[in-house]
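Each remark here refers to the structure printed beneath this line.
What follows is calculated from the coordinates using simple rules that are stated; it is not laboratory data. Note that the structure is a prediction, hence the values are computed from the model and not measured. Ideal geometry is used to build each Cβ from the backbone, glycine not excepted, and the neighbour counts take in all protein chains shown.
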Amino acid sequence: MPAHNRPFSVEHDVEQPVPAPGELWAVGAVILNRDGEAFAQKRSPHRRLFPDARDVVGGHVEPGETILEALAREVEEETGWRLRHVRRYLGTTTWNGDDGAGLRHEADYLVEVEGDLDHPALEWSKHSTYDWFGPESLDRLKETVSLASS
């Protein structure tokens, strides 16, 4: 998607990795509310990867998509919000899931969205709840850290 046709804006210095053929890529969106709290969903207990874990909005990059096209699609699919602005590239993590799909690369971004932040339209088949997390509530995210680091 050419930059001038994007329905969202991107800071000029935001890195955009280009997946090589055959690589599995995912994206993650860190979304902050007006109080500076980060949005996280709780994955449903029946999910193959990281069941019952807290997670940022995101998912796999589909064939033919750019990283940022996948980011915009995942934000809308998982929350009903629309990606408005990509503020910062937070980095890429490489990991293996226990689903046999192999090595994945995940590019994470700090983004701004439009929509009613008090009423996300979750994909209830994939997520059981959501919440906003600030510095005082980060201990509630430990379950995700322990699962992701194993």
Rg/Rh for the stretch 76-133, where both radii come from Cα atoms and Rh is the Kirkwood radius: 1.03
For the chain, what relative contact order do you get, as a whole percent, if you take Cα pairs closer than 8 Å and at least 6 residues apart? 31 percent
Note down the Stokes-Einstein diffusion coefficient of the stretch 1-87 in µm²/s, whole number, using a Kirkwood radius over alpha carbon pairs, 20 °C, and 1.002 mPa s. 151 µm²/s
Let me know the Kirkwood hydrodynamic radius for the stretch 49-101, please, with Cα pairs as the basis and the value in Å to one decimal. 12.9 Å
Can you tell me the relative contact order of the stretch 76-123? Whole percent, Cα pairs under 8 Å, sequence separation 6 or more. 51 percent
Taking the C-alpha atoms of the chain, how large are the radius of gyration and the largest Cα-Cα span, Dmax, in Å? 14.9, 42
Could you order the peptides 92-101, 54-63 from most to least packed, using the average number of other C-beta atoms within 10 Å per residue? 54-63, 92-101
Highest-first arrangement of 15-24, 125-134, where packing means the average Cβ count within 10 Å: 125-134, 15-24
